[in-house]
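Participant: Structure provided below as C-alpha coordinates; questions to follow.
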Amino acid sequence: MSRTASCAITTLDSIKRSLVGLRMPCALEVLDATVRRIEQGEIDGLAALDVILAEELTLRENRRVKTALLVARLTTIKTLSGFDFAFQPLLDRERVLALAELTFIDRAEVVHLLGPPGTGKSHLAIALAVEAVKAGRSVVFSTLADLVTSLPKAERDGSLRERIRYLCRASLLVVDEIGYLPVVPGGGNLFFQLVNARYERGAMILTSNRGFAEWGEVFGDPVVATALLDRLLHHAMVIQIEGASYRLRQHADLVPEHVRSKALIVPPPAPKRRGHPPGKAASDHTTG
Ligand code: ADP
Ligand code: MG
(Lines give C-alpha, C1' and ligand atoms only; values in the text may rest on other atoms or scores of the structure.)
(Ligands and ions follow the chains in the order given, each with its own letter.)
Protein backbone atom coordinates (compact mmCIF):
# COMPACT_ATOMS: atom_id res chain seq x y z
CA MET A 1 0.00 0.00 0.00
CA SER A 2 1.42 3.42 -0.94
CA ARG A 3 2.05 6.04 1.69
CA THR A 4 -0.64 8.35 0.28
CA ALA A 5 -3.20 5.51 0.34
CA SER A 6 -2.44 4.64 3.96
CA CYS A 7 -2.63 8.33 4.86
CA ALA A 8 -6.06 8.53 3.24
CA ILE A 9 -7.23 5.51 5.21
CA THR A 10 -6.02 7.09 8.46
CA THR A 11 -7.87 10.30 7.60
CA LEU A 12 -10.99 8.31 6.72
CA ASP A 13 -10.81 6.48 10.05
CA SER A 14 -10.42 9.77 11.83
CA ILE A 15 -13.46 11.21 10.03
CA LYS A 16 -15.44 8.10 10.97
CA ARG A 17 -14.45 8.44 14.61
CA SER A 18 -15.50 12.09 14.54
CA LEU A 19 -18.86 11.21 12.97
CA VAL A 20 -19.46 8.59 15.66
CA GLY A 21 -18.50 11.11 18.35
CA LEU A 22 -20.78 13.72 16.82
CA ARG A 23 -23.60 11.14 16.59
CA MET A 24 -24.01 11.49 12.85
CA PRO A 25 -25.04 7.95 11.80
CA CYS A 26 -26.41 8.93 8.40
CA ALA A 27 -23.26 10.79 7.42
CA LEU A 28 -21.24 7.79 8.57
CA GLU A 29 -23.38 5.47 6.48
CA VAL A 30 -22.84 7.38 3.22
CA LEU A 31 -19.19 8.25 3.85
CA ASP A 32 -17.54 5.27 2.11
CA ALA A 33 -19.76 5.48 -0.96
CA THR A 34 -19.18 9.25 -1.18
CA VAL A 35 -15.41 8.82 -0.94
CA ARG A 36 -15.62 6.29 -3.81
CA ARG A 37 -17.47 8.88 -5.89
CA ILE A 38 -14.61 11.35 -5.27
CA GLU A 39 -12.05 8.71 -6.30
CA GLN A 40 -13.99 8.04 -9.49
CA GLY A 41 -14.01 11.75 -10.28
CA GLU A 42 -17.80 11.99 -10.06
CA ILE A 43 -17.78 14.76 -7.45
CA ASP A 44 -15.18 16.98 -5.80
CA GLY A 45 -14.46 17.28 -2.09
CA LEU A 46 -16.76 20.20 -1.51
CA ALA A 47 -19.71 18.45 -3.16
CA ALA A 48 -18.94 15.33 -1.10
CA LEU A 49 -19.07 17.35 2.10
CA ASP A 50 -22.39 18.77 0.99
CA VAL A 51 -23.83 15.28 0.27
CA ILE A 52 -22.75 13.91 3.65
CA LEU A 53 -24.05 16.85 5.67
CA ALA A 54 -27.32 17.02 3.74
CA GLU A 55 -27.91 13.33 4.40
CA GLU A 56 -27.50 13.81 8.15
CA LEU A 57 -29.60 16.96 8.18
CA THR A 58 -32.46 15.18 6.38
CA LEU A 59 -32.44 12.42 8.97
CA ARG A 60 -32.48 14.87 11.86
CA GLU A 61 -35.19 16.97 10.27
CA ASN A 62 -37.39 13.89 9.70
CA ARG A 63 -36.83 12.80 13.27
CA ARG A 64 -37.68 16.26 14.60
CA VAL A 65 -40.89 16.44 12.56
CA LYS A 66 -41.91 12.92 13.63
CA THR A 67 -41.47 13.74 17.32
CA ALA A 68 -43.21 17.12 16.99
CA LEU A 69 -46.18 15.48 15.24
CA LEU A 70 -46.51 13.03 18.14
CA VAL A 71 -46.24 15.83 20.69
CA ALA A 72 -48.91 17.75 18.75
CA ARG A 73 -51.07 14.59 18.86
CA LEU A 74 -51.29 14.61 15.09
CA THR A 75 -51.62 10.90 14.57
CA THR A 76 -53.47 10.96 11.25
CA ILE A 77 -51.42 12.91 8.77
CA LYS A 78 -53.06 14.89 5.97
CA THR A 79 -51.37 17.17 3.50
CA LEU A 80 -52.38 20.13 1.38
CA SER A 81 -51.04 18.37 -1.70
CA GLY A 82 -53.35 15.47 -0.86
CA PHE A 83 -56.39 17.76 -0.87
CA ASP A 84 -58.38 17.64 -4.09
CA PHE A 85 -59.43 21.26 -4.54
CA ALA A 86 -61.27 20.35 -7.74
CA PHE A 87 -63.75 18.44 -5.55
CA GLN A 88 -64.60 21.67 -3.68
CA PRO A 89 -64.75 24.22 -6.51
CA LEU A 90 -66.38 26.87 -4.30
CA LEU A 91 -63.47 26.78 -1.89
CA ASP A 92 -60.83 29.40 -2.67
CA ARG A 93 -57.66 27.36 -3.15
CA GLU A 94 -55.34 30.37 -3.09
CA ARG A 95 -56.78 31.52 0.20
CA VAL A 96 -56.20 28.14 1.80
CA LEU A 97 -52.68 27.91 0.35
CA ALA A 98 -51.91 31.41 1.66
CA LEU A 99 -52.70 30.11 5.16
CA ALA A 100 -49.87 27.59 4.68
CA GLU A 101 -47.47 30.55 4.75
CA LEU A 102 -48.37 30.62 8.45
CA THR A 103 -48.46 34.40 8.90
CA PHE A 104 -51.79 33.92 10.72
CA ILE A 105 -49.75 32.20 13.44
CA ASP A 106 -47.44 35.22 13.79
CA ARG A 107 -50.52 37.42 14.07
CA ALA A 108 -52.17 35.09 16.63
CA GLU A 109 -55.29 34.92 14.47
CA VAL A 110 -58.17 32.47 14.53
CA VAL A 111 -59.13 30.49 11.44
CA HIS A 112 -62.61 28.98 11.37
CA LEU A 113 -63.26 26.14 8.95
CA LEU A 114 -67.00 25.65 8.68
CA GLY A 115 -69.06 23.21 6.66
CA PRO A 116 -71.10 20.03 6.65
CA PRO A 117 -69.52 16.66 7.51
CA GLY A 118 -67.02 15.19 5.07
CA THR A 119 -66.14 18.44 3.32
CA GLY A 120 -62.49 18.31 4.40
CA LYS A 121 -62.44 20.60 7.44
CA SER A 122 -60.33 18.26 9.56
CA HIS A 123 -58.17 17.42 6.54
CA LEU A 124 -57.31 21.08 5.98
CA ALA A 125 -56.85 21.81 9.70
CA ILE A 126 -54.45 18.87 10.04
CA ALA A 127 -52.60 19.76 6.83
CA LEU A 128 -52.04 23.33 8.07
CA ALA A 129 -50.93 21.99 11.45
CA VAL A 130 -48.45 19.69 9.69
CA GLU A 131 -47.08 22.68 7.75
CA ALA A 132 -46.66 24.54 11.04
CA VAL A 133 -44.83 21.60 12.62
CA LYS A 134 -42.52 21.36 9.60
CA ALA A 135 -41.77 25.07 9.96
CA GLY A 136 -40.72 24.47 13.56
CA ARG A 137 -43.83 25.90 15.25
CA SER A 138 -45.25 24.17 18.29
CA VAL A 139 -48.71 22.77 17.69
CA VAL A 140 -51.38 21.04 19.75
CA PHE A 141 -54.28 19.27 18.06
CA SER A 142 -57.40 18.22 19.96
CA THR A 143 -61.08 17.65 19.42
CA LEU A 144 -63.41 19.86 21.42
CA ALA A 145 -64.81 16.71 23.06
CA ASP A 146 -61.32 15.78 24.34
CA LEU A 147 -60.69 19.30 25.62
CA VAL A 148 -63.97 19.58 27.50
CA THR A 149 -63.29 16.19 29.08
CA SER A 150 -59.63 16.79 29.93
CA LEU A 151 -60.06 20.33 31.30
CA PRO A 152 -62.63 19.36 34.00
CA LYS A 153 -60.39 16.42 34.89
CA ALA A 154 -57.43 18.79 35.28
CA GLU A 155 -59.61 21.04 37.43
CA ARG A 156 -60.48 18.11 39.71
CA ASP A 157 -56.78 17.15 39.92
CA GLY A 158 -55.81 20.71 40.78
CA SER A 159 -53.75 20.96 37.60
CA LEU A 160 -56.01 23.24 35.55
CA ARG A 161 -53.66 26.22 35.54
CA GLU A 162 -50.79 24.02 34.43
CA ARG A 163 -52.91 22.40 31.71
CA ILE A 164 -54.07 25.78 30.37
CA ARG A 165 -50.50 27.07 30.49
CA TYR A 166 -49.37 24.04 28.49
CA LEU A 167 -52.11 24.57 25.91
CA CYS A 168 -51.18 28.25 25.69
CA ARG A 169 -47.51 27.57 25.00
CA ALA A 170 -48.26 26.06 21.58
CA SER A 171 -48.09 28.64 18.81
CA LEU A 172 -51.02 26.92 17.14
CA LEU A 173 -53.93 25.18 18.84
CA VAL A 174 -56.30 23.23 16.60
CA VAL A 175 -59.73 22.49 18.03
CA ASP A 176 -61.53 20.03 15.79
CA GLU A 177 -65.19 19.01 15.71
CA ILE A 178 -66.99 21.84 17.44
CA GLY A 179 -70.68 20.97 17.36
CA TYR A 180 -70.62 17.23 16.83
CA LEU A 181 -71.08 16.28 20.47
CA PRO A 182 -72.89 18.22 23.19
CA VAL A 183 -70.47 19.89 25.60
CA VAL A 184 -70.63 18.49 29.13
CA PRO A 185 -71.90 20.96 31.78
CA GLY A 186 -69.03 23.18 32.94
CA GLY A 187 -66.94 22.20 29.91
CA GLY A 188 -67.84 25.36 28.01
CA ASN A 189 -66.72 27.50 30.91
CA LEU A 190 -63.32 25.85 31.06
CA PHE A 191 -62.96 26.02 27.28
CA PHE A 192 -63.66 29.75 27.59
CA GLN A 193 -60.83 30.05 30.13
CA LEU A 194 -58.49 28.43 27.62
CA VAL A 195 -59.68 30.62 24.73
CA ASN A 196 -59.40 33.73 26.88
CA ALA A 197 -55.87 32.80 27.93
CA ARG A 198 -54.84 32.40 24.29
CA TYR A 199 -56.74 35.48 23.07
CA GLU A 200 -54.39 37.73 21.05
CA ARG A 201 -51.46 35.55 22.16
CA GLY A 202 -51.71 32.36 20.14
CA ALA A 203 -53.28 31.28 16.87
CA MET A 204 -56.09 28.77 16.60
CA ILE A 205 -57.79 26.75 13.90
CA LEU A 206 -61.33 25.69 14.73
CA THR A 207 -63.51 23.36 12.70
CA SER A 208 -67.27 23.14 13.02
CA ASN A 209 -70.30 21.76 11.26
CA ARG A 210 -72.52 24.29 13.04
CA GLY A 211 -73.05 27.97 12.38
CA PHE A 212 -72.06 30.52 15.04
CA ALA A 213 -75.74 31.16 15.79
CA GLU A 214 -75.96 27.59 17.06
CA TRP A 215 -73.06 27.86 19.51
CA GLY A 216 -75.42 28.59 22.42
CA GLU A 217 -76.92 25.17 21.83
CA VAL A 218 -73.52 23.54 21.21
CA PHE A 219 -72.08 24.82 24.49
CA GLY A 220 -75.37 24.47 26.37
CA ASP A 221 -75.06 28.07 27.52
CA PRO A 222 -75.73 31.20 25.42
CA VAL A 223 -73.71 33.43 27.77
CA VAL A 224 -70.59 31.27 27.43
CA ALA A 225 -71.15 30.99 23.66
CA THR A 226 -71.36 34.78 23.31
CA ALA A 227 -68.19 35.29 25.35
CA LEU A 228 -66.39 32.63 23.30
CA LEU A 229 -67.46 34.14 19.97
CA ASP A 230 -66.46 37.60 21.17
CA ARG A 231 -62.84 36.38 21.44
CA LEU A 232 -62.91 33.92 18.58
CA LEU A 233 -64.30 36.28 15.95
CA HIS A 234 -61.92 39.13 16.71
CA HIS A 235 -58.83 38.82 14.43
CA ALA A 236 -60.54 35.92 12.68
CA MET A 237 -60.90 34.46 9.24
CA VAL A 238 -63.92 32.35 8.34
CA ILE A 239 -63.66 29.80 5.57
CA GLN A 240 -66.98 28.24 4.74
CA ILE A 241 -66.85 25.02 2.74
CA GLU A 242 -70.20 24.57 1.08
CA GLY A 243 -69.71 21.50 -0.98
CA ALA A 244 -70.22 17.78 -1.20
CA SER A 245 -69.07 15.17 1.29
CA TYR A 246 -65.87 13.54 0.11
CA ARG A 247 -66.68 10.52 2.26
CA LEU A 248 -69.98 9.93 0.47
CA ARG A 249 -68.81 10.72 -3.05
CA GLN A 250 -68.93 7.14 -4.26
CA HIS A 251 -72.26 6.32 -2.64
CA ALA A 252 -74.44 9.25 -3.58
CA ASP A 253 -77.31 7.01 -4.68
CA LEU A 254 -77.36 5.11 -1.36
CA VAL A 255 -77.61 8.18 0.84
CA PRO A 256 -81.07 9.04 2.21
CA GLU A 257 -82.64 12.22 0.90
CA HIS A 258 -82.64 14.07 4.26
CA VAL A 259 -78.86 13.57 4.56
CA ARG A 260 -78.29 14.49 0.94
CA SER A 261 -80.16 17.76 1.36
CA LYS A 262 -77.89 18.73 4.27
CA ALA A 263 -74.65 18.09 2.43
CA LEU A 264 -74.65 18.00 -1.33
CA ILE A 265 -73.41 14.63 -2.46
CA VAL A 266 -72.74 15.64 -6.01
CA PRO A 267 -70.03 18.29 -6.16
CA PRO A 268 -71.31 21.66 -7.31
CA PRO A 269 -70.29 22.85 -10.78
CA ALA A 270 -66.88 24.45 -11.10
CA PRO A 271 -66.76 28.25 -11.15
CA LYS A 272 -66.50 29.70 -14.66
CA ARG A 273 -63.18 31.47 -14.18
CA ARG A 274 -60.13 30.07 -12.41
CA GLY A 275 -58.65 32.28 -9.72
CA HIS A 276 -61.89 34.26 -9.49
CA PRO A 277 -62.33 35.92 -6.08
CA PRO A 278 -64.41 33.83 -3.68
CA GLY A 279 -68.14 34.23 -3.87
CA LYS A 280 -70.58 33.98 -0.99
CA ALA A 281 -69.68 30.35 -0.37
CA ALA A 282 -66.12 31.01 0.71
CA SER A 283 -66.71 34.32 2.38
CA ASP A 284 -63.96 36.27 4.02
CA HIS A 285 -64.59 37.74 7.40
CA THR A 286 -61.56 39.45 8.71
CA THR A 287 -61.96 41.82 11.54
CA GLY A 288 -59.63 43.50 13.90
P1 ADP B 1 -64.80 16.87 7.88
O2 ADP B 1 -63.81 17.14 8.96
O3 ADP B 1 -65.22 18.09 7.14
O4 ADP B 1 -65.97 16.09 8.36
P5 ADP B 1 -62.66 15.30 6.78
O6 ADP B 1 -61.62 16.33 6.61
O7 ADP B 1 -62.50 14.38 7.93
O8 ADP B 1 -64.10 15.96 6.79
O9 ADP B 1 -62.74 14.46 5.43
C10 ADP B 1 -63.26 13.13 5.39
C11 ADP B 1 -62.30 12.24 4.61
O12 ADP B 1 -62.28 12.65 3.26
C13 ADP B 1 -60.88 12.33 5.10
O14 ADP B 1 -60.26 11.09 4.90
C15 ADP B 1 -60.25 13.37 4.17
O16 ADP B 1 -58.87 13.17 4.01
C17 ADP B 1 -61.00 13.13 2.88
N18 ADP B 1 -61.23 14.36 2.11
C19 ADP B 1 -62.17 15.28 2.33
N20 ADP B 1 -62.17 16.23 1.39
C21 ADP B 1 -61.17 15.90 0.55
C22 ADP B 1 -60.66 16.49 -0.65
N23 ADP B 1 -61.20 17.60 -1.19
N24 ADP B 1 -59.60 15.89 -1.25
C25 ADP B 1 -59.07 14.76 -0.73
N26 ADP B 1 -59.52 14.15 0.37
C27 ADP B 1 -60.57 14.70 1.01
MG1 MG C 1 -63.82 16.45 10.92
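Participant: Based on the Cβ-Cβ distance from Arg36 to Lys134, what FRET efficiency comes out when R0 is 30 Å, to the nearest 0.05?
Facilitator: The pair Arg36/Lys134 has a calculated efficiency of 0.35.
Participant: Express in nm, to one decimal, how much length is gained between Ser14 and Asn196 on full extension, taking 0.36 nm for each residue of separation and deducting their alpha carbon distance.
Facilitator: Value of the extension gain: 59.9 nm.
Participant: Of Ile164, Val110, Ser81, which is farthest on the positive side of the dipole of the range 60-198, counting Cα position, with +1 on Lys and Arg Cβ, -1 on Asp and Glu Cβ, and the Cα centre as origin?
Facilitator: Of Ile164, Val110, Ser81, it is Ile164.
Participant: Expressed as a whole number of Å, what is the distance separating the alpha-carbon centroids of the range 61-82 and the range 146-196?
Facilitator: 22 Å
Participant: If you project the alpha carbons of the range 3-66 onto their three principal axes, what span does each projection cover, largest first, in Å?
Facilitator: 46, 26, 15
Participant: Starting with the highest mean, order 180-187, 110-117 by the number of other Cβ atoms within 10 Å, averaged over the residues of each peptide.
Facilitator: By packing density, highest mean first, the sequence is 110-117, 180-187.
Participant: Still on this structure, I have one more. Quick one: net charge around Lys66, please, counting Lys, Arg +1 and Asp, Glu -1 for every other residue with C-beta under 14 Å from its C-beta.
Facilitator: My count for the surroundings of Lys66 gives +4.
Participant: Round to a whole number: what % of the accessible area of the range 3-66 belongs to carbon and sulfur, probe 1.4 Å?
Facilitator: About 59 percent, which is the carbon plus sulfur part of the accessible surface.
The values are calculated or read from the model by the stated rules, or taken from the named source; none is laboratory data. Keep in mind that what you see is a predicted model, and the values were worked out from it rather than measured. In this analysis, Cβ positions are derived from the backbone assuming ideal geometry, glycine residues included, and neighbour counts consider all displayed protein chains. To get the accessible areas, we keep the full protein, side chains included, count just its heavy atoms, and leave off ligands, DNA and RNA. Shrake-Rupley method; radii C 1.70, N 1.55, O 1.52, S 1.80 Å.
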